[in-house]
């Protein structure tokens, strides 16, 4: 299977150009569909509706992950972070809630040795909030998605010893943790593919790939046969 991975959208429509790549078997969007500082609310709103339609029309081919800038609009979450659109939150909340209830948004996707979440998964957070015992890599996707559906508040911002308002703590969950803390305490045995933290271009490490680059470069990631490659348009 050939996987195409698209970083934080924040209202951008560049994904429509990426998906013209007909060689891709499955597209994974890494989350953060809202809260742009330079794209209007109406454009963000329409863009998300178009993403949902793309998902509905190609259900088995499209994975839409949730990001912190989508999560904070969920009805049960009262935790607005930077960029929260207070004046239009009611409308975004309705759209996000419908998408969650319909199962169009999920927290995690795993393919072979690659784990896709918005920000990454640390051992400390996972064992504290999800399992508490030995981490079973084969169950991570199921466990995270079940908790997102039934207990979404476990994914709230959770500062640790650094008391970082930026999320740079190993206690932070897969919507918030920053790369430095993720590298320090990441779940081993898998390659984490994440957005959340802006980079000048997609950056590939041995067991971590950062893809939140759309503010700088029109790049997407392609994964095939265990290898990751950067594509640019």
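Observations on the structure shown:
- If the condition is being at pLDDT 95 or above and either part of a loop (DSSP other than H, G, I, E, B) or crowded, with 22+ Cβ neighbours inside 10 Å (or both), then the stretch 217-233 contributes 217, 218, 220, 221, 223, 225, 226.
- Residue list for the stretch 186-198, restricted to those being buried (at least 18 other Cβ atoms within 10 Å of the Cβ) and closer than 19 Å to residue 29 by Cβ: 191, 192, 193, 194, 195, 196, 197
- If you go through the stretch 20-65 and keep only what is touching a strand residue (DSSP E or B) at 6+ places or on another chain (Cβ under 7 Å) and farther than 17 Å from residue 212 by Cα, you end up with 21, 23, 24, 25, 26, 51, 54, 55, 61, 62.
- Note on the stretch 150-185: residues that are in contact with a strand residue (DSSP E or B) (Cβ under 9 Å, 6 or more places away or on another chain), farther than 21 Å from residue 9 by Cα and surrounded by fewer than 23 Cβ atoms within 10 Å (Cβ to Cβ) total 5.
- Considering each residue of the stretch 141-155 in turn, at least one proves to be within 20 Å of residue 189 (Cα to Cα) and over 14 Å from the mean Cα position of the chain (by Cα).
- Filter result (in a loop (DSSP other than H, G, I, E, B), in contact with a helix residue (DSSP H, G or I) (Cβ under 8 Å, 6 or more places away or on another chain) and more than 12 Å from residue 187 (Cα to Cα)) within the stretch 104-133: 104, 107, 108, 117, 118, 119, 130, 131, 133
- Residues of the stretch 179-200 that are part of a strand (DSSP E or B) and either without any contact (Cβ under 8 Å) to a residue 40 or more places away in the chain or more than 21 Å from residue 64 (Cβ to Cβ) (or both): 186 alone.
- Looking only at residues of the stretch 61-84 that are surrounded by fewer than 15 Cβ atoms within 10 Å (Cβ to Cβ) and more than 14 Å from residue 36 (Cβ to Cβ), we find that the one that is modelled with the highest pLDDT is 61.
The values are calculated or read from the model by the stated rules, or taken from the named source; none is laboratory data. As the structure is a computational prediction, the values presented were derived from the model and not from experiment. Note: ideal-geometry Cβ built from the backbone for every residue, glycine included; neighbour counts use all protein chains shown.
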